[in-house]
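Let me begin by handing over the structure; questions about it come next.
Just so it is clear, none of the values below were taken in a lab; they were calculated from the coordinates. Just so it is clear, the model here is predicted, and its values are computed rather than measured. Cβ placement follows ideal geometry from the backbone for every residue including glycine, while neighbour counts extend to all protein chains displayed.
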Amino acid sequence: MVLAAALVVLPAGPAAAVPVDPVPPPLPPPVSDTDGPTVAQAARLVPAWTVPAGTVTGDALYFAGAVYHAETRVGGADRVGLVRRDTGTGRRLPFAGRAVPGFDIATPVTDGDSVFTITPGDGTVRAYRPDGRPRWTAALPGDQRASWVLATGGLVLAAAEFRCGHHEGDVCERTVLHAFRAGTGRPAWTSEIAGGSPASAVAGNRIAIRTRQDDDDLYGDDVVPPGQEAPSFVDDSPSLVTVLTPAGRRVWQKPVRDGGDLAADARAVHVAGERFCAYRTRDGKRLWCAPKTHRHHHLTAVDGRVYAGVDDLTVPDDHRVAAFDARTGRRLWTAPGAHPYGPITVGNGVVWLQSNTDMPVTYLLGLRAGDGRELRRLPLGEFSAGAVALGVGRVFLLRGSDTVAAFR
């Protein structure tokens, strides 16, 4: 079934929907050896190397001429840490940062100067120089800590959750967002937000946070009685989207029904909830929404577009990837037979994802960003998942749970 091309006009005054644009807005020209393969290179992509690793977690990061990834070593004493590898061979490179006690470590991120990560078990944020020499550490209080860090505007952000429930469907009562100075690790500010399970995105010079609430007083008690099996359900309380300045001041906050994935750019915060909608960054005004007939997930906003996985709710197993004009919500193209098993990555005119349409084998899929045409499809093995990293004309990913792979 072809994805619906028109967007429905909403009563709150978002922009009226328009048909698919036959001439999509132009994309920026390719940049050599910085954002992965060009369109021409993607069409002839082949495996470059694969290396076995320990238990890999999160996603790979390309930074400063090397590939970084998180690794867990399970044994008598579980330890986690970062690994640095050569982009040409996959060979393990010297890295001064040592593994630390724990069983989980977040996907590494960079601000162009340092590499940051967090071990959620003890809530410790760590900053490393490119060679692995430690810069600083900072510990977060809380019952639970989010398994991500976000680097933006000279800050590193991490989140801790408090008063977390223990029943099926329960979430934490509140989240505290912590901001640290990227260069020193000194605390900059904290901001308290209702709800738990936070997700984050950078919206130009703003920070967008989505939290999930569990407001039983307003939306009913979903606690499972003792002795009864917990049903499969999603809490009926609305999520909260909160936008903050780099100084931690709240710009706006609004409830979003069933809010899930989010992406952002300088103009809008895009939220995949009961409906896929865009809200203006500066004041939260709703700009447009997609129809309820589809579920949207794994959002990525880049170059004036929003890319998303799209599932037709009326047709079983109809999975696609679509590109939308970020300003109007106009659907520019859809690619059938593409189902993201992790975040979508875009660079040098190519959309990359690990795709699995409910089959045992996952594929690395490359689509032309201009029109969605499939450029390359390479098998990755059974049930691989996660994002891909781009750099030096190559694609890097963690395959399955124990292999690091590169393609050129």
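Per 0.36 nm of contour for each residue apart, how much would the distance between Arg377 and Glu274 grow if the chain were fully extended, relative to their Cα-Cα spacing?
Contour length minus Cα-Cα distance gives 34.0 nm.
Now a separate question. Using the Karplus equation 6.51 cos²θ - 1.76 cosθ + 1.60 (θ = phi - 60°), what ³J(HN,Hα) coupling, rounded to whole Hz, does each residue of the range 121-126 give in order, writing x for Gly and Pro?
Those phi angles translate into x, 10, x, 9, 8, 10 Hz.
Follow-up question, since we're still on this one. Given points 7 Å out from each Cα along the Cα-Cβ axis, report the Thr293 to Arg250 separation in nanometres with one decimal.
Once both label points are built, they end up 3.8 nm from each other.
Follow-up question, since we're still on this one. With a point put 7 Å past each Cα toward its Cβ, work out how far Ser401 is from Thr137 in nm, to one decimal.
Reported label-point gap for Ser401 and Thr137 is 2.7 nm.
Extending each Cα 7 Å along its Cβ direction at Asp113 and Asn205, get the distance between those two points in nm, one decimal.
1.8 nm
First check a/c for the range 289-408, with a ≥ b ≥ c the square roots of the eigenvalues of its C-alpha gyration tensor; if it is under 1.5, answer rounded, and if not, answer prolate when a/b is larger than b/c or oblate otherwise.
Working: a/c = 2.13, a/b = 1.31, b/c = 1.63.
Oblate, because a/c is 1.5 or more while a/b does not exceed b/c.
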